[in-house]
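*Asks:* Shown below is the structure under consideration.
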Number of protein chains: 2
Amino acid sequence: MTTLRDVARHAGVSIGSVSTVINNTAPVSPALRAKVLLAIDELGYVPDAVARSLKMGRTRTIGLILPDITNPHFAAIAGAIEIACDAAGYSLLLCNTMDNPTKELRDLRLMRTQRVDGVILVPGVGDGDYIGELNRAVSVPIVLIDRTLPGLDFDAVVLDNRAASHGLVDYFVRSGHRRIGIVIGPPGISIAKQRLEGYLQALADHDIDVEPAYIAHGGFQPEPDYHATAGLLALRRRPTAIMSTSYHTTIGVMKALLDKGFRCPNDISVAGIDDFVWATAFSPKMTVMAQPIADMARHAAQRLFGRISGAITGPAEVLVSPPTLLVRESTRPLVD
Amino acid sequence: MTTLRDVARHAGVSIGSVSTVINNTAPVSPALRAKVLLAIDELGYVPDAVARSLKMGRTRTIGLILPDITNPHFAAIAGAIEIACDAAGYSLLLCNTMDNPTKELRDLRLMRTQRVDGVILVPGVGDGDYIGELNRAVSVPIVLIDRTLPGLDFDAVVLDNRAASHGLVDYFVRSGHRRIGIVIGPPGISIAKQRLEGYLQALADHDIDVEPAYIAHGGFQPEPDYHATAGLLALRRRPTAIMSTSYHTTIGVMKALLDKGFRCPNDISVAGIDDFVWATAFSPKMTVMAQPIADMARHAAQRLFGRISGAITGPAEVLVSPPTLLVRESTRPLVD
DNA sequence: TAGCGTCTCTGAAACGTTTCGGAGCAACTT
DNA sequence: AAGTTGCTCCGAAACGTTTCAGAGACGCTA
């Protein structure tokens, strides 16, 4: 590995001068610059970010901690953040928690030892203990995305989850449905809680009594949500419409319908939260509440960069993004 | 940020002793250990990986460069590699090339300045220039995954692409099809080339003449592959079966069928390469050649770790993994 | 008692940068 | 002619670790 010293020696100048040329942090004579550039080229010198980070006290790296990169929803977040990082000159350290609190804590600590300049975090189900650890664990700016945490003032950018499920219920009701089921995730996760609240509020707004059996708890995973849906379908008076509350949930729901022999939308209407490229490639094309996921991720990244640079100060802000209803073919008006 | 020095001072011992305790790299008295551990705890000291990396000459970080994390196929790779890294005590630096050679080169260089210990790379369409740069750009072990590069001896783990498309054609022929179309990606990418070869070879093996019009070139992206498929469907004597050669391609193909009013498999059979969770959640459930993607990724990671540690030496090896045919409902025997 | 291992621990050098006080020199001002 | 200013460039300190030669203390043997 060739170092600054090698370049300096080869060019016959001082180490400091080479550094100045590389970062052009001060005016230098054309002659010096030429000599240095030539030496760099001849030796194939590449600066050492590790040494640089040590000296500068910052790594130009941010950490991204999310539950599961395999989930297209989080992959979309990761993709948008990577682009933002690239544009801003940051590197990206990726961690997958698998919704495992222990792993999440480990990842958080990793961020600390790795001295990242900031963290973008999709928090999992953290108990009080976890939140304390979180506050302690990281001494750099954090911005939350997608999910949020109670009693924590971090910058955050999230979907208007209540509006999303409220809107879905509204749409169902407008189409004549009144027996509306929901497949929802674990209540420990903020979005599950909020999406359920939106559902309940919407029913109340439409003067529809809540039927507890219509609320099926899954796990935001295809498998448990499949079974949750199966439960809904086995009901004597089953719902005429089901709302799915996440990408993975939608897979579970649709799989259950297919396996149990229900046609969608003929026998039952389904709408979900989260859009995806293949939502229009198969039958039925899915009616969904789409979230501006790329924008949200971009915004989270910008906010983090602002915090890091000090351009943004002041109290934490949470940006709530509005969802968009995309009516397609998995839903239809209820005709008696 | 509290340092080793702070801990040492607080515990009333030398810096070196603290280091030895932390890494227990030499025997120390119980008393010393206790004092140090207490001080670490009281000060909330966290070791600085940057300084450590500088001193040790390695970062315990590997780089992952792939075309598009948003593509579930690559996301699956990333997920499996993250798990392997976590288990082996490595951090993961993620880069998205978007199949842009310029960006890919930039990412490669980033790996070098970041002093990662190794790189796992899904190479894009690189010309000769690129390969030279690649060799020069990185001085650490590289292992290729998914795609490969001509005239480059890096460790690699790839699918048996010829067998995958050959097997798909075999299956179609066994089902009575003889007019078999293919939607294929850009020939610059190794897997596109190999998958096309498998297709051609299989046709030859079955004594079926190649119909050039049945070979539709897309881009391994939903959009161009949609149009490529539309071209196939507009043929006077259109294929009775279409094989899709990637995840994104399958989306394009199925979307085209849906939009153009063809029912699958009734009007036309479709089978693809790459399985995905939602392949069984919608209609039709897709017949696919699945690849053992998680195993492949794990293997790539292990191979890289072995190269880094020096446990693996010798010439580059490429591991070719066999695909598995999963017959579902997007294909059916041809009845005349 | 002197010499010698053994066991702990200390202190300093080194990793590759950035940064900054100051040296050297030429061109001005007075 | 002496002093001042401005422009380049140099050299060394510092960032937080790891590592290693060696200092001290202790118990043993001869």
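*Asks:* What does the charge count near A:Arg307 come to, summing +1 for each Lys or Arg and -1 for each Asp or Glu among other residues with Cβ under 14 Å from its Cβ?
*Replies:* Local net charge: -2.
*Asks:* If you count the DSSP beta bridges with both ends in the protein assembly as shown, what percent of them are antiparallel, to the nearest 5?
*Replies:* 10
*Asks:* Mind giving me the nanometre distance, one decimal, between the label points for A:Leu319 and B:Arg328, set 7 Å out from Cα along Cα→Cβ?
*Replies:* 3.6
*Asks:* Along Cα→Cβ at 7 Å, what distances in nm separate the A:Arg328 label point from those on the other copies, shortest first?
*Replies:* From this label point to the equivalent ones elsewhere in the assembly: 1.6 nm.
*Asks:* Filter the trypsin sites (Lys or Arg not before Pro) in segment A:258-336 to those in DSSP coil with at most 14 other Cβ atoms within 10 Å of their Cβ, and list the result.
*Replies:* A:Arg263
*Asks:* B:Leu94: net charge of surrounding residues, Cβ under 10 Å, Lys/Arg +1, Asp/Glu -1, itself excluded?
*Replies:* -3
*Asks:* Specify the residue with the greatest mean-square fluctuation among A:Val125, A:Val46, A:Val116, computed from a Gaussian network of chain A linking alpha-carbon atoms under 10 Å apart.
*Replies:* Greatest mean-square fluctuation among the candidates belongs to A:Val46.
*Asks:* What's the carbon and sulfur percent of the protein assembly as shown's accessible surface, probe 1.4 angstrom, rounded to a whole number?
*Replies:* Carbon and sulfur atoms account for 54 percent of the accessible area of the protein assembly as shown.
*Asks:* How far apart, in nm, are two points set 7 Å out from the Cα along the Cα-to-Cβ line at A:Asp153 and at A:Lys260?
*Replies:* A separation of 4.6 nm, rounded to one decimal place.
*Asks:* Hey, for B:Ala204 with labels 7 Å out along Cα-Cβ, what do the inter-copy distances come to in nm, ordered shortest first?
*Replies:* Computed spacing set for this position: 7.2 nm.
*Asks:* Please go through segment A:17-58 and write out the trypsin sites (Lys or Arg not before Pro) that DSSP classes as loop and that have at most 16 other C-beta atoms within 10 Å.
*Replies:* Working: sites: A:Arg33, A:Lys35, A:Arg52, A:Lys55, A:Arg58; in loops: A:Arg58.
Filter output for segment A:17-58: A:Arg58.
*Asks:* In a GNM of chain B with a 10 Å cut-off on Cα contacts, which of B:Ala164, B:Ala290, B:Ala213 has the highest mean-square fluctuation?
*Replies:* B:Ala213
*Asks:* Now, a different point. Rank B:Met286, A:Met1 by accessible area, highest first, at a 1.4 Å probe radius?
*Replies:* The most accessible residue leads, giving A:Met1, B:Met286.
*Asks:* What FRET efficiency comes out for the pair A:Arg174/A:Thr113, r = Cβ-Cβ distance, R0 = 56 Å, nearest 0.05?
*Replies:* According to the calculation, E is roughly 0.55.
*Asks:* Can you compute the charge dipole magnitude of segment B:161-291 about its Cα centre, using +1 on each Lys and Arg Cβ and -1 on each Asp and Glu Cβ, nothing else charged? Give it in debye, rounded to the nearest 20.
*Replies:* 280
*Asks:* For the full complex of protein chains and a 1.4 angstrom probe, list A:His206, A:His227 by accessible area with the highest value first. Before the final figure, lay out each step's value.
*Replies:* Details: A:His206 60, A:His227 105 Å².
Reading off the accessible areas and sorting them downward yields A:His227, A:His206.
*Asks:* Hey, another quick one. Separation of segment A:232-257 and segment B:113-174 by C-alpha centroid, Å?
*Replies:* A separation of 41 Å, based on Cα centres.
*Asks:* If you take the square roots of the eigenvalues of the alpha-carbon gyration tensor of the protein assembly as shown and sort them as a ≥ b ≥ c, do you get rounded (a/c under 1.5), prolate (a/b over b/c) or oblate?
*Replies:* Working: a/c = 2.18, a/b = 1.31, b/c = 1.66.
Cα axes put the protein assembly as shown in the oblate bin.
*Asks:* List the distances, in nm to one decimal, from the label point of B:Arg236 to the label points of the same position in every other copy, shortest first, placing each label point 7 Å from Cα along the Cα-to-Cβ direction.
*Replies:* Listed shortest first, these distances are 6.4 nm.
*Asks:* Would you tally the net charge around A:Arg179, using a Cβ to Cβ cut-off of less than 11 Å, leaving A:Arg179 out, and scoring K and R as +1, D and E as -1?
*Replies:* Taking every Cβ under 11 Å from that of A:Arg179, the sum is +1.
*Asks:* Compare A:Arg195, A:Arg238 by solvent-accessible area with a 1.4 Å probe and give them largest first, with all protein chains kept in place. Kindly include the intermediate steps, with their values, before the conclusion.
*Replies:* Details: A:Arg195 5, A:Arg238 90 Å².
Highest to lowest solvent-accessible surface, that is A:Arg238, A:Arg195.
*Asks:* Let me ask something else. Leaving ligands, DNA and RNA out of it, work out the accessible area of B:Thr113 with a 1.4 Å probe and give it in Å² to the nearest 10.
*Replies:* 30
The values are calculated or read from the model by the stated rules, or taken from the named source; none is laboratory data. In this text the structure is predicted, and so the values were computed from the model without any measurement. Glycine gets a Cβ as well: all are built from the backbone with ideal geometry, and neighbour counts include every protein chain shown. Surface areas here come from the heavy atoms of the whole protein model, side chains and all, with no ligands, DNA or RNA. Shrake-Rupley method; radii C 1.70, N 1.55, O 1.52, S 1.80 Å.
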